[in-house]
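Presented below is the structure to which this report refers.
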Amino acid sequence: MVSHSRIRKFAFLFLSLFYLSFSFGHCKLDLNNPSDPRSRSFLETAIWNAYLNSRCIPDARGSFSLGTGNTLIVPLSIRALRSGNTVVTAVTQEPLVWNGNTYGIHNNHQNSALNGVVFVIDRYFSRILWLDYIGEMSYGVETWAHPDVISVDEYSNGDLGFFALVNGTGRTNTLNAKTGTLAFFLSRYNQYSGEIVWQGYANKDNTRFSNKGYSMTVTPSDQMAILYQGISEASTPTIDSTGLSYPGLPAPATSSNSSLASQKEIAIALVDGSGHGISQKFLPNTGLSTEAFFFKSYLDRILIVGDTFNEFASFSGHPRPTEARGFYGILNSSFNWDAVSYYGPTTASTTYKTQKAILNNEEIFIASLIDQPYSTPNTIHLYQGSSGRRNYQILKPDQSSTSLLWSQYLGTTGYNVPDVLPGNLIYNNARGEVVGNLLTVDNGTPFTGISPALISGSVQYALGQARLKMNPSTGAFNQIQLYEGSSDVSGNNGRFISNQAEVCSGRMVTIFNLFNSFSTITTARWMEVSTRPAAEEP
């Protein structure tokens, strides 16, 4: 029998020979653009990525624990890379030990309350390749911070792009200087060595942008698209026609609306693969606030999921203007809306909060919190409790049209579900399931309205979790597994899932939050990043 490794080597050799024969027959391929099909680099990148994608190790096992347990560590995002490596982001109150030191590969740790940290684990899960501190982030990261507090995405050649809001001392050897107390740090790193390809700061008047609701994605053209939330003045608001200040970045093609005091509107800027600005514009809205929680490049479009208090220009249908409701929108390559849909009830004083979203297999899935029922298509699992009871809600819109395909609720008739979602929605390709790790009600009350045959396990103590497995086509719950997040009645010695991603063939990489005492959860933690063979995933 031919081994998988020999098959991979043969495939790589075949692609290489094909490339060489094609190159000799087309000697005019002298471009150097990985996103241009006519370019030599396009073929080189395609061959390299085909080789990297064949290197899945479904049986890898490993674990890394970081932190002493004496200070705050907030795990953020985890991303599986095409090479099989894994990149992790976090915010830490103490220097983390890597390679025998606590200063990181570029000695960039700043003596502050909190530092943003990024590190890459090799595909065998045997070692951390490099670790670096991207800047001081002491302005007030929330206890349950959104993963995009440090955004990370991958360029076509495997380089990593990072984007975060930082304060403290600006770095040296940057494309431009950091001028304000707060500024967006953006950079490109070599995935394997940790070498900085370029780095710079997108500056702005500190009073005119929010420290929330920002993100970054790398487009198929190897351009970095960045999103942030601009704010108008607290009195006598004026239109923002300046946007971000960054090398090569022109004034916004579309200014903000700024019709209300302290109005929050989202804006987008585009930076090329060498770190030079291309364009920027606002996506104005007449409502009090628009905030994005998902920002992803897909083909020649940008997909955005978030909450908004009113309608975007030319796209009606907001169920309750002046109140927050969810939205999913598609931007074309010119950053104009192609489609927008709004989700949520028309009921007054509804609390609606979008929390997470994923894109996988050309499908979008959204997790939200909601305290009022409303009619949605293909709802198998109904809203639990009376009006005002907080439920989880998981939705699937059509990826290309934004219309809602199905929506499912999860809650209890007598208690609110927690108001945070520290776990994540992920897609297990090997099983063809959407998986979510959600917090349960602290007193152990089980979810109601679910067939007993679908629920296993139990929860007694604080920060219990539920592993939710769903059919992506219908939204039906395949299974809900309840398990303890803390090990004793006082809530001490806790260990719960903060985030998770699939690396290959069903093998997951998971970030755990750990703490000694529930009473000091906001000040004393450490984190663990681990993986196990796909066959052992519950």
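The values are calculated or read from the model by the stated rules, or taken from the named source; none is laboratory data. Computed from a predicted model, the values in this text were never measured in an experiment. Glycine also receives a Cβ, built like all others from the backbone with ideal geometry; neighbour counts cover every protein chain displayed. When the accessible area is computed, the model is the full protein with side chains, heavy atoms only, and any ligands, DNA or RNA have been set aside. Shrake-Rupley method; radii C 1.70, N 1.55, O 1.52, S 1.80 Å.
Do the conditions hold for residue 237, that is, is it of a type outside the set (Asp, Glu), free of Cβ contacts under 8 Å to residues at least 40 places away in the same chain and open to solvent by less than 20 Å² (accessible area, probe 1.4 Å)?
Answer is no for this residue.
For residues that are within 21 Å of residue 525 (Cα to Cα) and touching a residue at least 40 places away in the same chain (Cβ under 8 Å), scanning just the range 102-119, find the one that is surrounded by the most Cβ atoms within 10 Å (Cβ to Cβ).
Going through the qualifying residues, I end up with 116.
Give the residues of the range 462-474 that are crowded, with 21+ Cβ neighbours inside 10 Å and of a type outside the set (A, V, I, L, M, F, W, C), sorted by residue number.
Hits for the range 462-474 are 464, 465.
Please find, within the range 226-259, the residue that is farthest from the chain's Cα centre (by Cα) out of those that are part of a strand (DSSP E or B) and either over 17 Å from residue 182 (Cα atoms) or not hydrophobic (A, V, I, L, M, F, W, C) (or both).
Filtering the range 226-259 for residues that are part of a strand (DSSP E or B) and either over 17 Å from residue 182 (Cα atoms) or not hydrophobic (A, V, I, L, M, F, W, C) (or both), the one farthest from the chain's Cα centre (by Cα) comes out as 245.
Could you count how many residues in the range 333-347 are in a loop (DSSP other than H, G, I, E, B) and under 21 Å from the mean Cα position of the chain (by Cα)?
1
Could you tell me whether the range 125-138 includes any residue that is part of a loop (DSSP other than H, G, I, E, B) and modelled with pLDDT under 95?
Yes, the range 125-138 contains at least one residue that is part of a loop (DSSP other than H, G, I, E, B) and modelled with pLDDT under 95.
In the range 445-480, how many residues are part of a loop (DSSP other than H, G, I, E, B), closer than 17 Å to residue 384 by Cα and without any contact (Cβ under 8 Å) to a residue 60 or more places away in the chain?
Adding up the residues that qualify gives 3.
Output the residue which, of all residues in the range 362-381 that are touching a residue at least 60 places away in the same chain (Cβ under 8 Å) and among the hydrophobic types (A, V, I, L, M, F, W, C), is surrounded by the fewest Cβ atoms within 10 Å (Cβ to Cβ).
Here the residue is 380.
Only residues in the range 158-179 that are at positive phi count as the first member; pair them with residues that are of a type outside the set (A, V, I, L, M, F, W, C) and open to solvent by 20 Å² or more (accessible area, probe 1.4 Å), Cβ under 6 angstrom, at least 6 apart or cross-chain, and list the lot.
Once the first residue is at positive phi and sits in the range 158-179, its partners that are of a type outside the set (A, V, I, L, M, F, W, C) and open to solvent by 20 Å² or more (accessible area, probe 1.4 Å) give 168/110; 168/112; 168/136.
Does residue 297 count as in contact (Cβ under 8 Å) with a residue 12 or more places away in the chain, surrounded by fewer than 23 Cβ atoms within 10 Å (Cβ to Cβ), over 15 Å from residue 337 (Cα atoms) and not charged (D, E, K, R)?
Answer is no for this residue.
List the residue pairs whose Cβ atoms are under 8 Å apart, where the first residue sits in the range 143-156 and is more than 13 Å from residue 74 (Cβ to Cβ), the second is of a type in the set (Lys, Arg) and open to solvent by 20 Å² or more (accessible area, probe 1.4 Å), and the two are 6 or more positions apart or on different chains.
152/79; 153/79; 154/79; 154/82; 155/188
Determine which single condition residue 328 fails, assuming it passes every other condition in (1) among the hydroxyl-bearing types (Ser, Thr, Tyr); (2) crowded, with 23+ Cβ neighbours inside 10 Å; (3) outside any strand (DSSP E or B).
So the condition that residue 328 fails would be (3).
Would you mind finding the one in 400, 407 that is more than 19 Å from the chain's Cα centre (by Cα), on the phi < 0 side of the Ramachandran plot and open to solvent by 50 Å² or more (accessible area, probe 1.4 Å)?
400
Hey, does the range 164-180 have a residue that's within 16 Å of the chain's Cα centre (by Cα) and either surrounded by fewer than 22 Cβ atoms within 10 Å (Cβ to Cβ) or part of a loop (DSSP other than H, G, I, E, B) (or both)?
The answer is no; no qualifying residue exists.
crowded, with 22+ Cβ neighbours inside 10 Å and under 23 Å from residue 330 (Cβ atoms): is that true of residue 384 in this structure?
no
For the condition modelled with pLDDT of 85 or more and closer than 19 Å to residue 514 by Cβ, what is the one hit in 459, 434, 441, 420?
459
Is it the case that the range 183-195 has a residue that's charged (D, E, K, R) and either in contact (Cβ under 8 Å) with a residue 60 or more places away in the chain or surrounded by fewer than 20 Cβ atoms within 10 Å (Cβ to Cβ) (or both)?
Yes, the range 183-195 contains at least one residue that is charged (D, E, K, R) and either in contact (Cβ under 8 Å) with a residue 60 or more places away in the chain or surrounded by fewer than 20 Cβ atoms within 10 Å (Cβ to Cβ) (or both).
Could you list, in sequence order, the residues of the range 260-315 that are part of a strand (DSSP E or B) and of a type in the set (Phe, Trp, Tyr)?
282, 293, 294, 295, 298, 312
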